[in-house]
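Only one structure is covered here, and it is reproduced in the block below.
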Amino acid sequence: ARVPDGWTFAQAATVPIVFLTAYYALVDLGGVTEGQTVLVHAAAGGVGMAATQLARHLGAEVYATASPGKWDALRAAGLDTPHIASSRDLSFETAFRAATGDRGVDLVLDSLAGEFVDASLRLLTPGGRFLEMGKTDVRDPEDVTARHPGVHYRAFDLIEAGPDRIGEMLTALVDLFE
């Protein structure tokens, strides 16, 4: 893909993996559309920041977790206090359940593990999608569906998209940057 006008090679080198991962998750696997709600864990990290930007571009309402020391980065990305919670404890479940009027979220982009996964699964609406990009606590999709009826669970790697789709996504991202 060509480098967007005005970008240095160093700037262009930092973009592909994080934005491609976020794009693949939200667009290809998650089918995020306007008006949906998305929970991005570790939203102050590279993929998290990219996912937050892309989800908002797609018209989704974004809820995000990060360590409290990184909340200013989330505020700078346009998120307000009701849309931000800690990734260091389970209080995000209660906070986001209240913020959504007990509805929950349509999609979780996850990189956490253990009880954080369980809390996130409980936050999903019926028909919600849980996309696992972390590899420390991969669950069996059938077991997740049995415990959380209607929830679609998928662990993924960007490489699954294949070279042709990755090229198409990169072209779409360059267009968005411009």
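The values are calculated or read from the model by the stated rules, or taken from the named source; none is laboratory data. Just so it is clear, the model here is predicted, and its values are computed rather than measured. Positions of Cβ are backbone-derived with ideal geometry, glycine not excepted, and every protein chain shown enters the neighbour counts. In case anyone asks, the SASA skips ligands and DNA or RNA and just uses the protein heavy atoms, side chains included. Shrake-Rupley method; radii C 1.70, N 1.55, O 1.52, S 1.80 Å.
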*Single match in 147, 75, 103, 129 (criterion: on the phi < 0 side of the Ramachandran plot, open to solvent by 60 Å² or more (accessible area, probe 1.4 Å) and under 17 Å from the mean Cα position of the chain (by Cα))*: 75
*Of the conditions (1) under 19 Å from residue 176 (Cα atoms); (2) surrounded by 18 or more Cβ atoms within 10 Å (Cβ to Cβ); (3) not hydrophobic (A, V, I, L, M, F, W, C), residue 83 fails just one. Which one is it?*
(1)
*Is it true that residue 110 is closer than 20 Å to residue 27 by Cβ, buried (at least 20 other Cβ atoms within 10 Å of the Cβ) and among the acidic types (Asp, Glu)?*
yes
*Restricting segment 150-166 to residues that are open to solvent by 100 Å² or more (accessible area, probe 1.4 Å) and within 20 Å of the chain's Cα centre (by Cα), the residue that is nearest to residue 29 (Cα to Cα)*: 152
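Condition check ((1) open to solvent by 50 Å² or more (accessible area, probe 1.4 Å); (2) without any contact (Cβ under 8 Å) to a residue 60 or more places away in the chain; (3) within 12 Å of the chain's Cα centre (by Cα); (4) farther than 25 Å from residue 152 by Cβ) across all residues:
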residue: 13; (1), (2), (3), (4): yes, yes, no, yes
residue: 24; (1), (2), (3), (4): no, no, yes, no
residue: 33; (1), (2), (3), (4): yes, yes, no, no
residue: 51; (1), (2), (3), (4): no, yes, yes, no
residue: 61; (1), (2), (3), (4): yes, yes, yes, no
residue: 91; (1), (2), (3), (4): yes, yes, no, yes
*Taking segment 35-49 on its own, how many of its residues are open to solvent by 10 Å² or more (accessible area, probe 1.4 Å), aliphatic (A, V, I, L, M) and not in a loop (DSSP other than H, G, I, E, B)?*
2
*What is the residue count in segment 50-77 for residues that are hydrophobic (A, V, I, L, M, F, W, C), touching a helix residue (DSSP H, G or I) at 6+ places or on another chain (Cβ under 7 Å) and not in a helix (DSSP H, G or I)?*
5
*Does segment 16-31 contain at least one residue that is outside any helix (DSSP H, G or I) and out of contact with any strand residue (DSSP E or B) (no Cβ under 8 Å at 6 or more places or on another chain)?*
no
*Looking at segment 43-56, is at least one residue of a type in the set (A, V, I, L, M, F, W, C) and closer than 27 Å to residue 142 by Cβ?*
yes
